[in-house]
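The values are calculated or read from the model by the stated rules, or taken from the named source; none is laboratory data. Note that this is a predicted model, so its numbers are computed, not measured. In this analysis, Cβ positions are derived from the backbone assuming ideal geometry, glycine residues included, and neighbour counts consider all displayed protein chains.
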Amino acid sequence: MSDAALPKEPSLHDLYRDHRGWLENWLRRRLGNSCDAADLSQDTFLRVLASSQRIADLHEPRAYLLTVGRRLLSNFYQRRSLEQAYLAALATLPEASVPSPEQRWLLLEALQAIDELLDGLPRAVRRAFLWSQLEGLTYQHIAERLKVSERTVKRYMAQAYEHCLLVDL
């Protein structure tokens with residue numbers, strides 16, 4: 001049998017050509033914005049490219065793309081929420097204390113990096129870590145807020161520190 005007669009293994013190019021428009025439309029309906037939808041669509045395919053998942057092994061490519069796209073969409077909303085919270089906090093500062101646009105950009109990038117670093121941790125662990133590090137709360141105060149024992153907070157903190165040490169930057 002010649003090479004020409006063998007069925008061609010699907011490639012990323014084929015996946016992109018066949019499903020990009022569908023994925024972008026799905027994202028546009030959720031975002032209400034074609035620019036962000038196009039960006040997230042591209043990011044989805046970049047994630048597929050970077051993953052160890054073989055294109056040929058995808059029996060349901062749209063389901064796979066939807067899973068990756070949903071995760072990116074969730075990250076997008078988290079980043080937007082983080083940015084809005086930061087801007088709201090800035091609005092409460094006296095004018096003399098407001099950072100310059102360059103400083104704001106650097107702070108937002110740092111906040112997003114921290115958010116990405118903590119991605120994957122359970123919500124309670126993230127909260128405990130952030131309250132401890134950003135607000136300086138004691139483990140007792142964190143335990144009261146989370147309605148858990150102080151020992152659980154210590155376990156959460158150990159989990160968060162371990163996660164930060166092991167994450168691949």
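Reported count of residues in segment 76-124, each being over 17 Å from the mean Cα position of the chain (by Cα) and not in a helix (DSSP H, G or I), is 6. Inclusion of Leu27 among residues that are within 27 Å of Arg126 (Cβ to Cβ) and either in contact with a helix residue (DSSP H, G or I) (Cβ under 9 Å, 6 or more places away or on another chain) or not in a helix (DSSP H, G or I) (or both) is warranted.
Within segment 25-46, take every residue that is surrounded by 15 or more Cβ atoms within 10 Å (Cβ to Cβ) and among the charged types (D, E, K, R) and give me the one that is farthest from Ser11 (Cα to Cα). If we take residues in segment 25-46 being surrounded by 15 or more Cβ atoms within 10 Å (Cβ to Cβ) and among the charged types (D, E, K, R), then Arg30 is farthest from Ser11 (Cα to Cα). Restricting the first member to segment 85-105 and to residues that are under 21 Å from Leu134 (Cβ atoms), and the second to residues that are surrounded by 10 or more Cβ atoms within 10 Å (Cβ to Cβ) and among the β-branched types (Val, Ile, Thr), the beta-carbon pairs closer than 8 Å and six or more apart or on different chains are Leu90/Val98.
Keeping to segment 72-81, report how many residues are surrounded by 14 or more Cβ atoms within 10 Å (Cβ to Cβ) and either free of Cβ contacts under 8 Å to residues at least 12 places away in the same chain or not hydrophobic (A, V, I, L, M, F, W, C) (or both). Matching residues across segment 72-81 total 3.
Looking only at residues in segment 60-84 that are at pLDDT 80 or above and among the aliphatic types (A, V, I, L, M), the one that is farthest from Leu108 (Cα to Cα) is Ala63. Of everything in segment 133-150 that is surrounded by 12 or more Cβ atoms within 10 Å (Cβ to Cβ) and at pLDDT below 90, the residue that is nearest to Phe76 (Cα to Cα) is Gln133.
Beta carbons closer than 8 Å, at least 6 apart along the sequence or on distinct chains, pair a first residue in segment 15-34 that is modelled with pLDDT of 90 or more with a second that is of a type in the set (S, T, N, Q) for Arg20/Ser41; Leu23/Ser41; Leu23/Thr44; Glu24/Ser34; Glu24/Ser41; Leu27/Ser41; Arg28/Ser34. Looking at segment 125-147, can you tell me whether even one residue there is touching a Lys or Arg at 6+ places or on another chain (Cβ under 7 Å) and within 26 Å of Leu40 (Cβ to Cβ)? The answer is no, given that none of the residues of segment 125-147 is touching a Lys or Arg at 6+ places or on another chain (Cβ under 7 Å) and within 26 Å of Leu40 (Cβ to Cβ).
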